[in-house]
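J.: Here you go, one structure.
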Amino acid sequence: MPSYKSVPLSPNRGGNHPSDLAPDPSKPPPKTHRFPFLHTRKGIIITVLVVLVIIGGGLAGLAALPKHRNGGQGGGDSGGGGGSGQITDDSYFYGQSPAVYPSPEMSGLGTWADAYSKAKALVGKMTLDEKISLTSGVVASNGCAGFIAAIPRLNFSGLCLHDAGNGVRSTDFVSAWPSGLHVGASWNKELAAKRGAGMGGEFKAKGVNVLLGPVVGPLGRVTVDGRMWEGFSIDPYLTGALAYETTVAAQSAGVITSTKHYIANEQESYRNPTTSEGSAIEAVSSNIDDQTLHELYLWPFQDAVHAGSACIMCSYNRVNNSYGCQNSKTLNGLLKTELGFQGFVVSDWSALHGGAAAALAGLDMAMPGSAGLWGQNLTQAVKNGTVAESRIDDMVIRTIASYYQMGQDADFPTPGVGMPSDLAKPHQIVDARNSSFKSVLFDGAVEGHVLLKNKDNALPLKAPRLLSIFGYSAKAPDQNNFAGGLSPWTFGVESFSYQEFFSGFIAGQVSNNHTGIAINGTIISGGGSGAVAMSLISTPFDAITQQAYQDDTALFWDFSSPEPNVDAASDACLVIVNAFAAEGFDRPGLRDDYTDGLIKHVADSCNNTIVIFHNAGPRLVDTFIDHPNVTGLIFAHLPGQESGRALVSVLYGASNPSGKLPYTVARNETDYGAVVDPSVPEGDFALFPQSNFSEGTQVDYRHFDARNVTPRYEFGFGLSYTTFSYSNLVVTKSTTSSSSANSTALNTGAYPTGPVAEGGQTDLWDVLVTVSADIANTGEMGGAEVAQLYVGIPGAAAVRQLRGFEKVFLNATRTEKVEFGLTRRDLSVWDVVAQKWRLPLGEPGVGVWVGASSRDLRLEGRVVL
């Protein structure tokens, strides 16, 4: 395979915006580079020197670190191979993504009526140039990732857009919240809402109008995806439920949520156009059928739209060979028509690839700037009739209506007021942290810990006399300090190799030979634009030391040696390690020899070895998990700033673990099927990489169930220090409509008939069936259980799929009833002919299971619709 180089078109999150000057219309528009100075000899020399200085000696030990890479590239049928010769022209793919025009105009549905009316009035006062100015970002004097210019004569103050879905990035005086995957592992809707409210408040305090999150794509189709940790789960129902809560809560704080990345953005490799040996390579195309799109990848976006998300961010990848930010089917057809989306669509940073075509296809705002494609060119397109001015009006009305919908015209700080462009210079201190959310930060960190093994009740620890601590993820990185421009702190990679991150995220180089761990310290999030900014951090070692002081426990520790000395008198040995991931590149594999070797070395000498992983996605454990001395295993995920305190609370039993896996842990990589690795350019499609979603909806536990593959730890699995029993399953059909304020007669036909509102036809949200069960704590310790509801729908490819979950805390010996409402959408399959959700009416009915995981199903029933 030839070597590939990147043309860096990925997002500039540091504020270097491309010029808005219109190019010579006689020449094709140039491709914009994220950092133009990287394409000059001086810029390259300066960058290399800066990187070397930053990296310094802190990564000296990394040189000897073994790198693991999977053999072969699966990618889900990349579409290569070939006999007819290499495809060199994009016209080969024309028509694969249906054309849907015109772009629907905002109508002011539901709660948007007042905001729509205000926006329409304001936009009516604007000149064409003023309207065009609101369609793309400009260079600003603050540190906002994107900025829409103010129009002072109309008292419009502009918009600050900033990262991301896990907290405010790259600034001071903010909290480092648990990452999306950690929230997913908590399975706690109430906590997700509280986290959303806390984050929303911090974004508002900093003067950020648009919170660039939550993430519901990637969903996690590619097992080694580099950004899975930013989202909640591989399961669309779990992801959608938590995204709904996050969206409602964050927007209640007064900020616009930008739910992303729309859609089928399931790998980092080749997410942007690249070059190879002088040949241009387009971004990877996610080739996906209509049913799979609706039942898996569109599902959580639908929940976010139903929650009122005022912004959707379109993605870098192509969808059925049409770029995501100019795909009329996904933007005009699905989002703005089928789902009734009322807000605006913003491009991912530098994801604009077309001029008039993108505007007509449904894109409303380009970031971080016009890329030489909009701006004056868009003005000219209106004047020559290529783009109707009514389309420009709708683009701007959608944006301004979102501004009004959140009340940002009446009660909002100056955009970017707490986002200084350079922390080294004097600036106004805006402390966005709110002490009332300290318990949310802690509880959120605790509940995302998943206990997977607890042999002979090794946990909780009980004042051990001697505790030995090993592993590189126990201590803080040597530095948590800002640096100007591009730096490890800016992107949350101070524990990782910045050189490797730079090559993937900044320079855009594609490689599957990245290191899979962050060896220079603990991690509390992944890296990239979704990283958190640390104002403080509790590390595992810090918190363990405090507990040891209280218990008079003696400590030994070694954070650097792959073969440390182990005191055989240790009551317990903790091995604290990680599996890192970051934006810009996919993980090199699902395990690494360095970490597995460390675990086995310690276990060989310590008969009570407890392993803790800070992991940014699934991590295989079969090389060591059956070692007789490995007594405990915790997936600690990415807990945010309360990492250490939360871990100690779980280890010592002050908190009873209640997390459950939001994905499946296989025994071997091959168990995941063809989707373990990203798709690559090859064969006839060497210039147009293809990722064929031929597995349909059968990913993760659906794949394991359909093929009867036994996982190491199944989706939804997690242990507790107590036990729970399930009983008394009751399944009841509803008789009235819950989507109508008048409780009208329930539509029991095969297809929905209600009008389109935000999220789709209104009766899709009717609860048709109610399921209840009794959960009892049969142990001796209070704890929380996540009761999970799965359904088997006739006509669906999945054997079972999650359609409900409730987390309930029970004191010892207590019993409580949990209740699940199953909506029309929950019980339907997507009918590709009718283009509607279809209920399976009549026999044999829908199977219903309630249990503790996707394979620990305690109760079973059936309902005939």
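The values are calculated or read from the model by the stated rules, or taken from the named source; none is laboratory data. This is a predicted model, so every value here is computed, not measured. No Cβ is skipped: glycine too gets one built from the backbone with ideal geometry, and neighbour counts run over all protein chains shown. Surface areas here come from the heavy atoms of the whole protein model, side chains and all, with no ligands, DNA or RNA. Shrake-Rupley method; radii C 1.70, N 1.55, O 1.52, S 1.80 Å.
J.: Amide H of TYR262 versus every other amide H placed in the peptide plane: which residues, excluding those fewer than 5 positions away on the same chain, fall under 5 Å?
T.: MET313, CYS314, SER315
J.: Hey, if you put +1 on the Cβ of every Lys and Arg and -1 on every Asp and Glu Cβ in region 345-480, which of SER435, LEU467, ALA424 ends up farthest toward the positive end of that dipole?
T.: LEU467
J.: Amide H of PHE156 versus every other amide H placed in the peptide plane: which residues, excluding those fewer than 5 positions away on the same chain, fall under 5 Å?
T.: ILE151
J.: From the phi of every residue in region 695-709, what ³J(HN,Hα) in whole Hz does the Karplus formula 6.51 cos²θ - 1.76 cosθ + 1.60 yield, where θ is phi - 60° and glycine or proline is x?
T.: After applying 6.51 cos²θ - 1.76 cosθ + 1.60, I find 6, x, 8, 8, 10, 6, 5, 4, 5, 5, 5, 5, 9, 6, 8 Hz.
J.: Between region 433-492 and region 648-693, how far is it from one alpha carbon centroid to the other, in angstrom?
T.: When both Cα centres are located, 22 Å separates them.
J.: Region 459-554: which trypsin sites (Lys or Arg not before Pro) are DSSP loop and have at most 15 other beta-carbon atoms within 10 angstrom?
T.: When the trypsin sites (Lys or Arg not before Pro) of region 459-554 are filtered for loop state and at most 15 Cβ neighbours within 10 Å, LYS462, ARG465 remain.
J.: With mean projected area of the Cα convex hull in nm² as the read-out, I listed (1) 44.7; (2) 34.6; (3) 92.9; which label goes with the value calculated from this structure?
T.: Identified label for the calculated read-out: (2).
J.: Pop out the carbon and sulfur fraction of the accessible area of the chain as a percent, whole number, probe 1.4 Å.
T.: Carbon plus sulfur share of accessible area: 51 percent.
J.: Skipping prolines and chain starts, which residues have an amide H placed within reach, meaning under 5 Å, of the one on GLY527, given they are 5 or more residues away or on another chain?
T.: Amide H to amide H, under 5 Å and 5 or more residues apart or across chains, GLY527 pairs with ALA581, ALA582, GLU583.
J.: Can you list the HN-Hα couplings for region 519-536, worked out from phi with the Karplus curve (6.51, -1.76, 1.60; θ = phi - 60°), rounded to whole Hz and with x for Gly and Pro?
T.: 7, 9, x, 5, 10, 10, 7, x, x, x, 5, x, 5, 9, 9, 8, 8, 6
J.: Going by Cβ distance under 4.7 Å, what cysteines of the chain have no possible disulfide partner?
T.: CYS311
J.: Please give every one of the lysines within straight-line cross-link reach of LYS733, meaning a C-alpha to C-alpha distance under 24 Å, and leave out same-chain neighbours fewer than 8 residues apart.
T.: LYS807, LYS817, LYS836
J.: Still on this structure, I have one more. If you average the C-alpha positions of region 193-210 and of region 523-586 separately, how far apart do those two centres end up, in angstrom?
T.: Region 193-210 and region 523-586 have Cα centres spaced 29 Å from each other.
J.: Along the charge dipole of the chain, pointing to its positive end and built from +1/-1 on Cβ of Lys, Arg, Asp and Glu, which listed residue (LEU154, SER691, THR609) has its Cα farthest out?
T.: LEU154
J.: What is the gain in length, in nm to one decimal, between GLN499 and SER421 on full extension, counting 0.36 nm per residue of separation less the C-alpha to C-alpha distance?
T.: Computed gain between GLN499 and SER421 is 25.7 nm.
J.: Let me ask something additional. In the structure shown, do any of LYS206/LYS336; LYS438/LYS475; LYS131/LYS383 have a Cα-Cα gap over 19 Å, and if so which?
T.: Table pairs above 19 Å Cα-Cα are LYS206/LYS336; LYS438/LYS475.
J.: Quick check for me: using +1 on Lys/Arg Cβ and -1 on Asp/Glu Cβ, what's the dipole size of the chain about its Cα centre, in debye to the nearest 20?
T.: 1040 debye
J.: Tell me which of GLN376, GLN408, SER390 sits at the most positive position along the dipole axis of region 374-428, charges placed on C-beta atoms (Lys, Arg +1; Asp, Glu -1).
T.: Selected residue: GLN376.
J.: Taking a probe of 1.4 Å, how large is the accessible area per residue of region 407-466, in Å²?
T.: That works out to 53 Å² for each residue.
J.: Rounded to the nearest 20 debye, what is the charge dipole size of region 246-361 about its Cα centre when +1 sits on each Lys and Arg Cβ and -1 on each Asp and Glu Cβ?
T.: 340 debye
J.: Give me the distance between the Cα centres of region 228-299 and region 772-837, rounded to whole Å.
T.: 25 Å
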